[in-house]
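The values are calculated or read from the model by the stated rules, or taken from the named source; none is laboratory data. Just so it is clear, the model here is predicted, and its values are computed rather than measured. Because the Cβ atoms are built from the backbone with ideal geometry, glycine has one as well, and the counts that use them run over all protein chains shown. Surface accessibility is based on the protein's heavy atoms, side chains included, excluding ligands, DNA and RNA. Shrake-Rupley method; radii C 1.70, N 1.55, O 1.52, S 1.80 Å.
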Amino acid sequence: DPNGINYTGDNTLDANGVQLYKGYVGYMPTFEGDLKDYNATLGVKDENNGWKHDLSFTVGGNQQLYTVNNTVNRTLGNISPSLSPTSFKPGGFSFNHSVGNIDISKSVTDNFFVSFGSEARTETYRIIAGDTASYSGEGSNSFPGIRAENATTNSRFNLGGYLNASWDITENFLLEGTIRGEKYSDFGNAFVWKASSRYKIAGDKIVLRGSASTGFRAPTLHQIYAQSTQASFAGGTIVLSGLFNNNSKQAFALGIPKLKAENSVNYTVGVGLNPINNLSITLDYYDITISDRIVYSSSISSSDPNSTLGKFLAAGILARVMFFLNGLKTKTQGWVF
C-alpha cells in the first residue's frame with residue numbers, strides 16, 4: 001500500500017517458500033505514539049517610583065498521534081484473505097494555549113504592601129480523527145480509532161484579575177487578604193478569596209498563624225469535549241465502551257448535566273517555635289473540602305434495545321457508555337509537623 005498499510009492478503013513468498021508478509025506476525029497488538037511538545041516564555045521586569053512591573057507572555061502546546069500495529073478490524077472481513085489492514089492510525093489529540101500576565105506591586109508604606117494583576121488565556125483542544133479502517137464497525141481491535149464525527153476543534157478564552165494587600169498592624173501582628181475574579185467564555189464566572197494572619201509572641205520565639213480561603217478549578221477542555229471508544233475483553237469477547245462528552249446529543253437525551261467548576265474551602269492553623277537559634281519546630285493543621293469534583297461515571301448499559309440508551313449503544317456497536325460528572329464531595333484533614 002502506498003501509505004505503508006500492510007494487508008493480510010499479501011502472500012509474497014521468498015526463495016524457500018516462506019511467506020514474506022512483513023506487516024503481520026500474528027495477533028500481538030502494539031500501541032505506539034508520536035508526541036510533539038513545545039513551550040516558550042518571554043517576559044520583562046521593571047521598577048518605577050517603587051512600583052514593580054512584571055509582564056510575561058507564554059505559548060505552549062502538544063500533539064499526540066497514535067499508531068496500532070499487529071491487529072485487525074474484524075468487521076472488514078475474514079483474516080485471510082482480508083480487506084483489513086494490520087496497521088492503523090487511530091488519530092490523536094492536540095492542545096495549545098497562549099497566556100499573558102501582568103503583575104504590579106509596591107510597598108506603599110513601611111507596613112503596607114499592595115499588589116494586583118491580570119491574566120488572559122486562550123486554549124484550543126483538538127480531537128484528530130483516525131483513518132477510516134481504524135474506526136469502521138468495531139474498529140481496530142485493542143484500540144479503535146477516533147470516528148470522524150467525534151473529531152472536533154474547541155476553544156475558549158478567560159480573563160482574570162486579582163488584588164492583594166498585606167498590613168503589618170503592629171510589629172508582631174500581620175493581616176493579609178487577596179481576592180480574585182475570573183470570567184470564562186464557556187462556563188461562566190468565578191470569584192475566590194483568601195485571608196491570613198500571623199502573630200508573634202516573645203519576638204519570633206513563638207509564631208501563631210492561620211488562613212482561610214476558597215478556590216475553584218474549571219473543567220478542562222479535555223473533560224468537556226473528549227469523546228472516544230475503548231476496547232476490552234469481557235466474557236471471552238471484545239467489548240467496546242464509549243465515552244460521550246457532556247455537550248453531546250447523547251448526554252442531553254439521557255439527562256446528563258454539563259460540567260461545572262470544582263470548588264473548595266480551605267482552612268489552616270499552625271504554630272512555629274524557635275526556642276534556640278539552631279532549632280525550629282512547626283505544627284500545622286489543614287482542612288480542605290472540595291465540592292463537585294469531576295470524575296468518570298461508572299459504565300452503564302441497557303438490556304432494552306428500544307430505550308434511549310439502548311439505541312445509542314446499538315448505533316455505535318457499544319456495550320457500555322461513560323461520562324464525566326461532578327460526582328464527588330471530598331474532605332481532607334491532617335497535621336504537618
Exercise. Over region 158-304, what percent of the accessible surface lies on carbon and sulfur atoms, probe 1.4 Å?
Worked result: 59 percent
For this session: Just subtract the alpha-carbon distance of Asn49 and Phe191 from 0.36 nm times their residue separation and send over the number in nm, one decimal.
Result: 48.0 nm
Seminar exercise, completed: A student asked for the Cα radius of gyration and Dmax of the chain in angstrom ought to give 28.2, 94
Exercise. Which FRET efficiency, nearest 0.05, do Val239 and Asn62 yield, Cβ-Cβ r, R0 30 Å?
Worked result: 0.45
Exercise. Suppose every K and R has +1 on its Cβ and every D and E has -1 on its Cβ; what is the size of the dipole of the chain about the Cα centre, in Debye to the nearest 20?
Worked result: 740 debye
For this session: Evaluate the relative contact order of the chain (contact order divided by residue number), counting alpha-carbon pairs under 8 angstrom at least 6 apart; express in whole percent.
Result: 10 percent
Exercise. If you take the charge dipole of the chain about its Cα centre, with +1 on Lys and Arg Cβ and -1 on Asp and Glu Cβ, which of Leu159, Thr122, Ile102 is farthest toward its positive end?
Worked result: Leu159
Problem set entry | Interatomic Cα distance distribution for region 40-168, bins of 5 angstrom, percent | 2, 10, 13, 11, 10, 8, 7, 7, 6, 6, 5, 5, 4, 3, 1, 1, 0
Problem set entry | region 133-210 versus region 69-130: alpha-carbon centroid distance in Å | 18 Å
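With the other protein chains left in place, how much accessible area per residue, in square angstrom, belongs to region 253-306 at a 1.4 angstrom probe?
Ligands and nucleic acids excluded, the result is 64 Å² per residue.
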Exercise. Got a number for carbon plus sulfur as a percent of region 41-110's accessible area, 1.4 Å probe?
Worked result: 53 percent
Problem set entry | region 92-157 - Rg and Dmax from Cα coordinates, angstrom | 22.7, 72
For this session: In whole Hz, with x marking every Gly and Pro, tabulate ³J(HN,Hα) for region 176-190 from phi via Karplus 6.51 cos²θ - 1.76 cosθ + 1.60, θ = phi - 60°.
Result: 9, x, 9, 10, 9, x, 8, 10, 9, 6, 10, 10, x, 10, 9
Exercise. What are the ³J(HN,Hα) values, in whole Hz, obtained from phi via the Karplus relation 6.51 cos²θ - 1.76 cosθ + 1.60 with θ = phi - 60°, for each residue of region 243-257 in sequence order, with x given for Gly and Pro?
Worked result: 9, 9, 7, 6, 9, 7, 5, 5, 5, 4, 5, 8, x, 7, x
Exercise. Per the helix-only calculation at 222 nm, which mean residue ellipticity applies to the chain, given -39500 (n - 2.57) for every DSSP H run of n ≥ 4 and division by its residues, nearest 500 deg cm²/dmol?
Worked result: -1500 deg cm²/dmol
Exercise. For the chain, with the dipole built from +1 on Lys and Arg beta-carbon atoms and -1 on Asp and Glu ones, taken about the Cα centre, which of Leu309, Leu259, Tyr135 lies farthest toward the positive end?
Worked result: Leu309
For this session: Would you pull out the residues with amide H under 5 Å of Ser87's amide H, same chain only if 5 or more places away, H placed 1.01 Å from N?
Result: Asn6
